[in-house]
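Reviewing the structure listed below.
The values are calculated or read from the model by the stated rules, or taken from the named source; none is laboratory data. These figures come from a predicted structure and were not determined experimentally. Reconstructed Cβ throughout: ideal geometry from the backbone, glycine too, with neighbour counts over all protein chains shown. Accessible surface is based on the protein model in full, side chains and every heavy atom, while ligands, DNA and RNA are left aside. Shrake-Rupley method; radii C 1.70, N 1.55, O 1.52, S 1.80 Å.
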Amino acid sequence: MAEGEIRIGVILASAREGRRGEAFARWIHALAAERPGVAAELLDLRDWPLPGYASKDNPNAAEQGFAPGTLEARWRDRIAALDAFVVVTPEYNHGYPGQLKNALDAVYAAWNHKPVAFVSYGGFAGGARAVEQLRLVAIELRMVPVRDEVNIRLPGYAADERGAPADPLYARKAKAALDDLLWWARVAKDGRERRPR
C-alpha cells in the first residue's frame, strides 16, 4: 500500500442466485479503482456468510474476543484495514438483505469514523428505501454516510455489455458519490491517525 493511499471496500450485499448486483458492484469498483491514490477491493458477502449476531456481549466487546482465524475475526480485520466503503444493495420489501445486516452487526469499532456511500437497485424507487434504513444503521456504527447515492431503477434499465448502467445519469451520480466519499475518507483517515479515540 502506498503512503496516503485510500483503501475502499465495495460490499456486494446480495447473495441471491442470478443477482443483478454483481455487475453494479464491479462497475462502481472499477470507477473507484481508477481514481489516483485509491485501492479498491470487492467484498462479496457470498464469501462472508456471517451469522446473525448472537453474542451475549455487545459487539465492541465481542469482537475483541474473536478466536484468530475465525470468519468473524477475518471480517473484523478486513473492515479495520479499509478507510471507506461503498455498499451495493438491492431493496427487498422496503429494506435491505439480512446478510448485509449480519455483516454490519458482526463488528463495531472497525466501522467507526469511516465514510460510506451507497449504490442501490430495485423497482421504481431504485432501492432508495433500503438506503434510507442503511443510513440510520451507519450512523449508529459511527460511520459517515455521504449525501450522494446511486439509485438504479430496474424497470426500463439499459445495460452495457458488462451489465453496467448505460444511462450517463448513473455515471454522473457515481462520480458525485465517489468525490464526496473520497473527501470524507481523507479527512476521517487524518483524524483517526492524528486524534485516535
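Remarks
- The candidates Glu161, Glu41, Glu140, Glu149, arranged from most to least accessible area with a 1.4 Å probe in the full protein assembly, appear as Glu161, Glu140, Glu41, Glu149.
- The convex hull drawn around the Cα atoms of the stretch 147-197, when projected onto a plane and averaged over every direction, covers 4.9 nm².
- Simple label model, 7 Å out from Cα along Cβ direction - Arg194 to Ala39, nm: 2.3 nm
- Projected over all directions and averaged, the alpha-carbon convex hull of the stretch 23-76 occupies 5.3 nm².
- Projected onto their three principal axes, the Cα atoms of the stretch 68-113 cover extents of 36, 22, 14 Å, largest first.
- Of all DSSP beta bridges in the chain, antiparallel share, percent nearest 5: 10 percent
- Accessible area in square angstrom per residue, the stretch 87-179, 1.4 angstrom probe: 44 Å²
- Of the solvent-accessible surface of the stretch 82-152, computed with a 1.4 Å probe and all protein chains present, 54% belongs to carbon and sulfur.
- For the set Asp190, Asp47, Asp77, solvent exposure ranked by accessible area (probe 1.4 Å, protein chains only) runs largest to smallest as Asp47, Asp77, Asp190.
- Over the chain: Rg over Rh, Cα atoms, Kirkwood Rh: 0.95
- Using 0.36 nm per residue and subtracting the Cα-Cα separation, the extra length available between Ala176 and Arg74 on full extension is 33.6 nm.
- To the nearest ten degrees, helix 128-140 and the longest principal axis of the Cα atoms of the chain are 20 degrees apart.
- For the stretch 65-169, projected area of the alpha-carbon convex hull averaged over all directions, nm²: 7.8 nm²
- Helical mean residue ellipticity (222 nm; -39500 (n - 2.57) per DSSP H run of 4+; nearest 500) of the chain: -12000 deg cm²/dmol
- Here the simple spin-label model places points 7 Å from the Cα toward Cβ, and for Asp57 and Arg142 these points are separated by 1.6 nm.
- Among the trypsin sites (Lys or Arg not before Pro) within the stretch 1-68, those in coil by DSSP and having at most 15 neighbouring Cβ atoms inside 10 Å are Arg16, Lys56.
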